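The values are calculated or read from the model by the stated rules, or taken from the named source; none is laboratory data. Keep in mind that this is a model prediction, so the values were computed, not measured. Neighbour counts run over all protein chains shown; Cβ positions are idealised from the backbone, glycine included. These accessible areas exclude ligands, DNA and RNA; they are computed on the full protein's heavy atoms, side chains included. Shrake-Rupley method; radii C 1.70, N 1.55, O 1.52, S 1.80 Å.
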Amino acid sequence: MASLIREWVGINTFASATQTKLLELLGKLKQENVNTLTILVMGKGGVGKSSTVNSIIGERAVSVNPFQSEAPTPFMVSRSRAGFTLNIIDTPGLIEGGYINDRALEIIKRFLLNKTIDVLLYVDRLDAYRVDNLDRQVVKAITDSFGKGIWNRAVVVLTHAQLSPPDGLPYEDFCFKRSGALLKVVRLGAGLKRRNKQDFALPVVLVENSGRCNKNENDEKVLPNGTAWIPDLVKTITEVVSNGSKSIFVDKKLIEGPNPNERGKLLIPLIFALQYFFVVKPIERAIGDDIEKESRPSWDN
Ligand SMILES: Nc1nc2c(ncn2[C@@H]2O[C@H](COP(=O)(O)OP(=O)(O)OP(=O)(O)O)[C@@H](O)[C@H]2O)c(=O)[nH]1
Ligand SMILES: [Mg+2]
């Protein structure tokens with residue numbers, strides 16, 4: 001992958017308990033012969049994609065903007081540590097002004113050409129109370145671009161997780177309801193069937209990118225439920241890598257060809273033709289023979 005790979009020094013900014021956990025998780029991956037991970041970060045505009053990239057890397061590697069991204073192009077951050085290389089690809093928001101940003105999607109696809117996506121982080125905010133058709137559209141756009149299989153390799157990341165839920169709802173109940181509503185929309189947008197639930201057990205991870213994130217006694221950044229979220233996110237990523245599904249290699253066919261989920265439909269005319277020649281024709285021939293036999297004058301027998 002043509003990109004400047006720097007030493008992952010940002011990891012040193014984490015609390016030592018967090019560092020230990022991360023190095024342990026990466027060590028486990030190396031034992032499974034995984035020495036490189038490429039993580040693609042996607043979602044609507046302004047949900048905290050770039051901030052999440054910076055939080056994982058532990059430095060301000062990509063620009064964060066409360067209003068709109070300055071450069072609507074993807075950017076890959078590569079860091080290596082102890083023989084392990086982490087590539088994280090930050091992308092521009094897929095929804096701007098209420099519509100799918102087709103141009104951004106095209107640029108992202110071209111950027112990913114000949115790259116392998118190991119994990120997709122699908123980012124949204126925890127502190128949003130509604131899901132709508134736009135959420136479904138953005139998931140559909142990702143599915144149409146990279147195929148359904150990408151959801152086997154996905155983690156739903158919910159930012160702004162340091163919040164006090166409205167109406168006195170307990171934190172865990174609020175997170176459960178918000179995740180449930182979003183997962184439902186993701187399944188719809190990805191066209192995942194109920195019976196496939198096991199195949200697409202999409203994990204949800206809560207994230208708080210703010211500098212004001214609370215810390216525990218070990219100085220680790222924690223959520224209101226006490227979870228140290230950086231190791232939790234990395235652990236979930238490693239579990240996805242080891243879940244037995246395939247990484248997504250983005251080749252020319254994938255980005256220029258027909259929708260990968262509809263490719264099978266191209267075979268339909270061929271299947272019809274084969275059916276005609278191997279099923280319909282022989283039946284017609286057999287019936288034809290019978291009719292011929294029946295209509296023959298009896299003195300023929
Ligand atoms: N409090 C809080 N603020 C966040 C969090 N994540 C992001 N922000 C803020 O939300 C704003 C947008 O964050 P970005 O990381 O730029 O969002 P993005 O998804 O990369 O945005 P685009 O690239 O424009 O699509 C910035 O002001 C961030 O500081 C979070 O977890 N908590
Ligand atoms: Mg951004």
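Taking the C-alpha atoms only, the angle from helix 281-295 to the longest principal axis of the chain is near 20 degrees. Heavy-atom accessible area with a 1.4 Å probe sorts 129, 122, 171, largest first, into 129, 171, 122. Relative to the dominant Cα principal axis of the chain, helix 133-146 is inclined by about 70°. In a simple Cβ point-charge model (Lys, Arg +1; Asp, Glu -1; nothing else charged), the chain has a dipole of about 200 debye relative to its Cα centre. Computed from Cα positions, the angle between helix 171-190 and the longest principal axis of the chain comes to roughly 30 degrees.
Using the Kirkwood radius over C-alpha pairs as Rh, can you work out the diffusion coefficient of the stretch 130-179 via Stokes-Einstein at 25 °C, viscosity 0.890 mPa s, in µm² per second? So the translational diffusion coefficient is about 188 µm²/s.
Note on the chain: helix-only mean residue ellipticity at 222 nm, from DSSP H runs of 4+ residues weighted -39500 (n - 2.57) and normalised by residue number, equals -11500 deg cm²/dmol. Panel note: the C-alpha atoms of the chain, placed on their principal axes, show extents of 105, 48, 37 Å (largest first).
Of all the accessible heavy-atom surface of the stretch 6-256, with the other protein chains kept in place and a 1.4 Å probe, what percent is carbon and sulfur? That fraction is 49 percent. Per residue, the chain exposes 55 Å² of solvent-accessible protein surface, assessed with a 1.4 angstrom probe and all protein chains in place. Taking 157, 250, 279 in turn, the Gaussian network model of the chain (Cα-Cα springs below 10 Å) assigns the largest fluctuation to 279.
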